[in-house]
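Input: a single structure, listed below in structure tokens.
The values are calculated or read from the model by the stated rules, or taken from the named source; none is laboratory data. Since this is a predicted model, take the numbers as computed values, not measurements. Methodologically, a virtual Cβ is constructed for each residue, glycine included, from the backbone with ideal geometry; neighbour enumeration extends over all protein chains shown. Ligands, DNA and RNA are stripped out before the accessible areas are found, and what is left, the full protein with its side chains, is counted by its heavy atoms. Shrake-Rupley method; radii C 1.70, N 1.55, O 1.52, S 1.80 Å.
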Amino acid sequence: MSTPLKQIHLAAHFPGVNNTTVWSDPDSGSHIDFDSFVHFAETAERAKFDFLFLAEGLRLREQAGEIYDLDVVGRPDTFTVLAALAGVTTHVGLTGTINSTFNEPYEVARQFASLDHLSAGRAAWNVVTSWDAFTGENFRRGGFLPREQRYARAKEFLATAHELFDSWHGDEIAADPDSGTFLRTARAGAFAHHGEQFDIQGRFNVPRSPQGRPVIFQAGDSEEGREFAAAEADAIFSRHDTLEAGQAFYRDVKGRLARHGRTPDQLLILPAATFALADTDAEARELAHGIRLKQVSGQTALRHLEHVWNTDLSGYDPEGPLPDIDPVPGEHTLAQGRSTTRHHRDPREIARELRERAEAKNLSIRELVIDITARQTFIGSAETIAATINDLVQRDAADGFILAPHVSPGGLDTFAAQVVPLLQERGVFRDEYEGTTLREHLGLAHPDA
Amino acid sequence: MSDTPPLHLAVALDGAGWHPAAWREQGARPGELFTARYWVDLVREAEAGLLDFATFEDALSLQSSRLEGPDDRTDQVRGRLDAVLTAARVAPLTRHLGLVPTAVVTHTEPFHLSKAIATLDHVSKGRAGVRVRISARPQEYGHFGRRTLAPLTLGELQSPEGQSIVSALFDEAADHVEVLRRLWDSWEDDAEIRDAATGRFVDRDKLHYIDFEGPHFAVKGPSITPRPPQGQPLVTSLAHQTIPYRLVARSADVGYVTPRSAEDARAIVEEIRTERAAAGRADEPLHVFGDLVVLVDEEEGRAAERLAALDALAGEPCASDAEIFAGTPAALADLLTDWQAAGLTGFRLRPAVLGHDLRGITRGLVPELQRRGAFRTAYTATTLRGHLGLDAHPANRYATA
Ligand SMILES: Cc1cc2nc3c(=O)[nH]c(=O)nc-3n(C[C@@H](O)[C@H](O)[C@H](O)COP(=O)(O)O)c2cc1C
């Protein structure tokens with residue numbers, strides 16, 4: 001063999017607030033009880049996954065001025081769940097999504113540094129930048145950020161957090177009872193950051209943590225988001241899970257690294273992925289179809305189109321053709337708290353694309369929404385799925401995947417039991433954890449190295 | 001059995017202990033203060049002693065002997081982990097002990113804190129509380145940069161201007177607690193319906209906007225996190241004088257106070273009960289706990305010797321906002337029952353040296369109190385509210401039915 005096989009990274013995304021989750025499935029348990037998180041984390045750790053991933057939302061989603069009730073609603077606090085999970089696991093990484101708009105660097109830095117200590121080096125931070133006024137109504141700053149400033153704040157937030165992490169070098173604590181020296185230096189944790197977004201100074205109060213800094217993830221697909229990732233992140237949580245789209249994204253983002261003085265192995269591309277796994281490919285296709293129908297009811301489909309149309313579509317027949325009216329332009333007020341409505345592309349253009357797609361494939365409203373939202377990344381027997389994952393990774397469409405099963409908490413169990421061993425047999429996934437920290441699992445250097 | 005209500009006991013965990021030289025005593029494990037194992041061992045010891053709960057100290061600045069700023073000392077413990085995360089880390093490894101982290105409410109978001117404590121309650125299956133504290137340290141303002149506070153000396157803090165600053169901070173803290181409590185109620189217990197027939201996961205009529213508006217912040221709600229198992233996790237707060245007593249009276253389930261004598265305790269309890277009545281909450285249960293720094297040894301005179309040795313190591317006598325007790329378990333039991341008779345319903349003991357005096361409490365004091373019929377011999381409840389004899393699941397303010 002000429003080039004050695006790439007090693008695959010796998011992570012587990014706790015299923016939550018989105019229409020991927022089939023909460024009506026009889027096997028679907030609580031998304032809040034800690035036992036669900038324990039089950040999920042134990043499965044991921046047994047399968048030697050790199051890490052566990054939690055998304056975040058800071059306001060219940062609304063549509064037409066009412067709380068959206070068709071998907072799972074509610075989630076626990078990210079830091080608290082991850083810290084508790086650190087107590088019942090030993091190796092699996094703990095990645096938390098934490099927003100940079102509705103937080104302050106001193107507080108978030110000390111939470112992540114604490115999590116890294118309490119997990120002995122397994123913490124990661126997915127920095128997201130949702131900025132909308134709707135979410136802002138739950139916060140002290142009240143306000144929100146102009147959209148153009150979301151990454152300016154995120155960038156400076158992260159830079160400031162790094163200054164705080166770096167304010168302790170790791171050799172400060174002597175803790176020598178005989179000489180009475182607890183600290184070797186009087187100025188441990190001293191920092192000063194004077195910038196556009198933050199003007200703060202003082203003493204950071206958490207000593208340097210095992211990983212030095214938590215691993216940094218980015219999830220956001222805009223030009224600014226990709227640049228931010230290329231400059232700052234250790235890994236990207238992306239949406240591009242097919243061969244062509246994945247390769248294009250992979251090339252684009254890895255191609256940006258050199259400009260920031262970085263090499264391609266310093267940024268991992270990890271798309272979100274879903275799956276339908278069964279004994280045979282045919283059964284898996286059938287299973288996938290059944291899951292899609294459960295993920296997208298007629299109601300869900302209409303509600304989904306309203307994100308684009310920005311107007312009440314409840315009068316339409318979900319089994320019929322797409323609305324012939326144009327979307328309502330301007331400020332999106334109908335569906336709030338969803339990232340899809342934050343993209344700010346011209347809705348008329350999106351509507352035109354959707355209509356073309358529906359006409360070309362002869363799809364009803366519900367079929368169209370199934371087509372665009374409820375697509376499993378991997379469908380097939382364990383053999384087929386293992387081969388597909390490996391192929392995508394070896395062909396540089398990704399460095400691995402963040403898997404979100406459609407039922408919680410047991411939806412990962414069969415994948416772990418059936419697909420992982422096949423990847424191990426191929427020599428593309430670890431049999432045992434080689435290290436104990438998340439940086440080690442991801443093959444990332446320690447910042448002090 | 002006597003008819004005095006049972007005594008409640010909590011332990012306050014902080015660094016190596018509450019004596020500044022604690023980290024230098026044998027068994028202190030000063031090199032492990034930032035490891036999970038250290039905290040797990042402490043809470044397991046507290047749980048073996050059947051204590052009601054443990055508190056975890058916290059602050060948004062480096063420890064300092066000065067109010068105005070860092071003291072640049074190298075001979076004392078400096079640095080600490082986030083208290084909410086520490087409490088969460090130990091939660092799955094304990095089963096009964098209540099877990100009460102400290103949170104600074106002056107610079108943080110009530111929305112975040114509310115979901116964090118609700119989640120601590122979920123992960124501990126009903127054992128969460130919070131101790132709220134304000135920040136009057138100028139250096140903490142500098143860590144956030146959103147507002148300013150001129151450097152204050154302790155003397156200035158006692159002046160009329162100082163008191164009006166403090167008063168405003170405590171009013172803001174009361175608002176913060178009000179938001180926590182409303183958010184905990186913003187989901188009714190049975191809001192999640194999973195009604196496959198109508199496709200609805202929740203009954204949105206059982207989710208409530210809290211629409212809080214105050215001078216410092218406004219919060220819309222509802223919470224992102226469903227109502228915690230206890231409904232209302234425990235809210236606690238430390239108070240040394242009238243303004244903070246008022247916060248205890250208005251907002252808390254447990255107040256920690258620092259009397260110097262039984263008489264002092266009686267006066268404080270009376271003042272707080274009067275404030276409680278003025279806040280219209282006279283009928284709602286309120287625990288007033290006495291805080292004490294303790295050194296406990298079976299052998300007569302040993303604790304005092306240890307205190308003297310620790311003071312010598314520190315280079316000065318230990319000073320504390322709370323009374324310092326050094327003596328035998330029997331003498332401590334005498335003091336506690338005496339102060340209990342003055343109206344305190346429990347105590348939060350601050351071990352001078354965690355590696356030693358926590359065991360003095362769990363293996364010395366607790367058996368002594370049990371012999372006197374003054375303390376439980378087994379946990380009789382599984383939740384923190386249950387240990388404290390509070391309504392196990394308080395009614396939801398928004399529920400109409
Ligand atoms: C795969 C993926 C997952 C995301 N997950 C979250 C999330 O859990 N919470 C959140 O607030 N935003 C999430 N976002 C959106 C935000 O990352 C993003 O900060 C924001 O919408 C602006 O990014 P953009 O304009 O660069 O896309 C996610 C985005 C992607 C692509």
Amide H partners (placed H, <5 Å) of residue A:99, local residues excluded: A:128
Cross-link partners of residue B:206 among lysines (Cα-Cα below 27 Å; sequence separation of 8 or more within a chain): A:294, B:115, B:125, B:220
For the range A:48-126: relative contact order, % (alpha-carbon pairs under 8 angstrom, 6 or more apart): 36 percent
Loop sites in the range B:233-297: trypsin sites (Lys or Arg not before Pro), DSSP, at most 13 other Cβ within 10 Å: B:260
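Quick one: which of A:436-448, B:173-185 comes out on top by average Cβ neighbours within 10 Å, and what's the full order, highest first? Can you show the working numbers first?
Working: A:436-448: 18.2, B:173-185: 23.4.
Descending packing order for the listed peptides: B:173-185, A:436-448.
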Within the protein assembly as shown, helix-based [θ] at 222 nm, where runs of 4 or more DSSP H residues each add -39,500 (n - 2.57), nearest 500: -10500 deg cm²/dmol
Relative compactness, the range A:150-304, computed as alpha-carbon Rg over 2.2 N^0.38 Å: 1.54
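Starting from 0.36 nm per residue, how many nanometres of slack lie between residue B:330 and residue B:274 once their C-alpha separation is accounted for?
16.9 nm
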Dipole of the range A:359-449 [Lys/Arg +1, Asp/Glu -1 at C-beta], most positive-end residue of A:449, A:410, A:428: A:410
Dipole magnitude of the range B:300-348 about its Cα centre (Cβ charges: Lys, Arg +1; Asp, Glu -1), debye to nearest 20: 160 debye
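Taking loop as defined by DSSP and a crowding limit of 14 other beta carbons within 10 Å, which trypsin sites (Lys or Arg not before Pro) in the range B:106-164 fit? Could you put the intermediate results ahead of the total?
Numbers: sites: B:115, B:125, B:127, B:131, B:133, B:146, B:147; in loops: B:125, B:127, B:146, B:147.
Here the sparse-neighbourhood loop sites are B:146, B:147.
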Peptide-level mean, for B:148-160, of C-beta atoms on other protein chains within 10 Å: 0
Accessible-area ranking of A:227, A:62, A:353, largest first, probe 1.4 Å: A:353, A:227, A:62
Residue A:35 accessible area, assembled protein chains, probe 1.4 Å, Å²: 90 Å²
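Using the Kirkwood formula over every pair of different C-alpha atoms, what hydrodynamic radius in Å results for the protein assembly as shown? Provide the component values of the computation, followed by the final result.
Values: mean 1/r = 0.0352 Å⁻¹.
Over the protein assembly as shown, the inverse of the mean reciprocal pair distance is 28.4 Å.
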In sequence order, calculated HN-Hα J values of the range A:205-214 (Karplus, 6.51, -1.76, 1.60; Hz; x Gly/Pro): 10, 10, x, 4, 8, x, 8, x, 9, x
Probe 1.4 Å - accessible area at residue B:209, Å² to nearest ten: 70 Å²
Whole-Å semi-axes of the range A:104-211's equivalent ellipsoid (Cα gyration tensor): 32, 15, 11
Proximal lysines to residue A:48, defined as alpha-carbon separation beneath 23 angstrom and excluding residues fewer than eight positions away on the same chain: A:6
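When only Cα pairs under 8 Å and 6 or more residues apart are kept, what is the percent relative contact order across chain B?
22 percent
For the range A:276-414, build the convex hull from the C-alpha positions and give me its volume per residue in Å³. Please report the intermediate quantities before stating the final value.
Details: hull volume 19.9 nm³, N = 139.
It comes to 144 Å³ per residue, whole-number rounded.
Below 8 Å between Cα atoms, with a sequence gap of 6+, how large is the relative contact order for the range A:99-156 in percent?
Relative contact order here is 40 percent.
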